[in-house]
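What follows is a short report on a single structure.
The values are calculated or read from the model by the stated rules, or taken from the named source; none is laboratory data. This is a predicted model, so every value here is computed, not measured. Backbone-built Cβ (ideal geometry, glycine too); neighbour counts: all protein chains shown. When the accessible area is computed, the model is the full protein with side chains, heavy atoms only, and any ligands, DNA or RNA have been set aside. Shrake-Rupley method; radii C 1.70, N 1.55, O 1.52, S 1.80 Å.
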Amino acid sequence: MNYNETERRGRRLMLLLLGLNLLLRAMPVVNVLRSSLRDIYPAGTLPLVYAGLAVGLLPTAVELWALYRGSWPALALLCISVFIGAGDVVGLFQFGGAAAMSSYAMLSLMVLLGRGGLLAAIFRHEEVNCWWNLQRLRRKRWHLVLEIVLYVLASAASGWFGHLA
């Protein structure tokens with residue numbers, strides 16, 4: 001078994017899945033940008049609104065970056081978000097019935113499937129699992145501190161900009 005080639009293929013697949021997850025999380029932002037923001041907000045506040053929408057993606061980006069680096073806490077956040085997302089989707093379809101078939105419900109289902117696919121790849125795909133475990137073994141203790149600080153700062157910035165917009 002060639003670990004260098006396996007690691008390289010696992011890294012590429014992991015990057016592809018992480019990019020897909022970030023894109024799926026950005027879809028609501030793209031939908032808001034496509035809507036008539038110019039009618040809702042005055043022209044002078046549009047850059048602030050755009051910045052607030054982009055900053056809203058920072059916690060997800062930091063979480064995915066930490067997952068890319070082999071972080072167990074990021075993997076725990078991914079597992080928690082998959083379980084919560086599955087409960088939300090089941091509840092939405094259980095109590096909403098046919099009326100629940102909206103673009104929001106379909107986007108939530110796509111995000112859940114993307115995160116579930118990433119989780120399955122980390123645990124079940126041989127190349128991704130090999131690469132992720134090698135990344136996990138290369139980690140230093142201060143990497144976790146850096147990831148926690150960046151996640152807290154990203155969440156605070158997201159909350160602060162979300163409050164302004």
Somewhere in the stretch 91-105, is a residue at pLDDT 90 or above and either part of a loop (DSSP other than H, G, I, E, B) or more than 12 Å from the chain's Cα centre (by Cα) (or both)? no
List the residue pairs whose Cβ atoms are under 6 Å apart, where the first residue sits in the stretch 56-83 and is more than 16 Å from ARG136 (Cα to Cα), the second is of a type in the set (Ser, Thr, Tyr) and open to solvent by 10 Å² or more (accessible area, probe 1.4 Å), and the two are 6 or more positions apart or on different chains. GLY56/SER158; LEU58/SER158; PRO59/SER155; PRO59/SER158; VAL62/TYR151
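Quick check, is VAL111 over 14 Å from the mean Cα position of the chain (by Cα) and assigned to a helix (DSSP H, G or I)? Steps first, answer last, please.
Working: over 14 Å from the mean Cα position of the chain (by Cα): no; assigned to a helix (DSSP H, G or I): yes.
So VAL111 does not fit the description; no.
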Could you check ARG124 against (1) surrounded by fewer than 16 Cβ atoms within 10 Å (Cβ to Cβ); (2) touching a Phe, Trp or Tyr at 6+ places or on another chain (Cβ under 9 Å); (3) within 22 Å of ARG69 (Cα to Cα) and say which number it fails? (2)
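Go over the candidates LEU22, LEU78 one by one and state the one that is modelled with pLDDT of 90 or more, in a helix (DSSP H, G or I) and surrounded by 18 or more Cβ atoms within 10 Å (Cβ to Cβ). Full working, then the answer.
Values: LEU22 fails: surrounded by 18 or more Cβ atoms within 10 Å (Cβ to Cβ).
Exactly one residue qualifies, and that residue is LEU78.
Looking at LEU92, LEU146, LEU113, LEU137 in this structure, which one is open to solvent by 50 Å² or more (accessible area, probe 1.4 Å) and farther than 21 Å from LEU15 by Cα?
Just one listed residue meets the conditions, LEU92.
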Among the residues of the stretch 38-48, are any modelled with pLDDT under 90 and either touching a strand residue (DSSP E or B) at 6+ places or on another chain (Cβ under 9 Å) or open to solvent by less than 40 Å² (accessible area, probe 1.4 Å) (or both)? yes
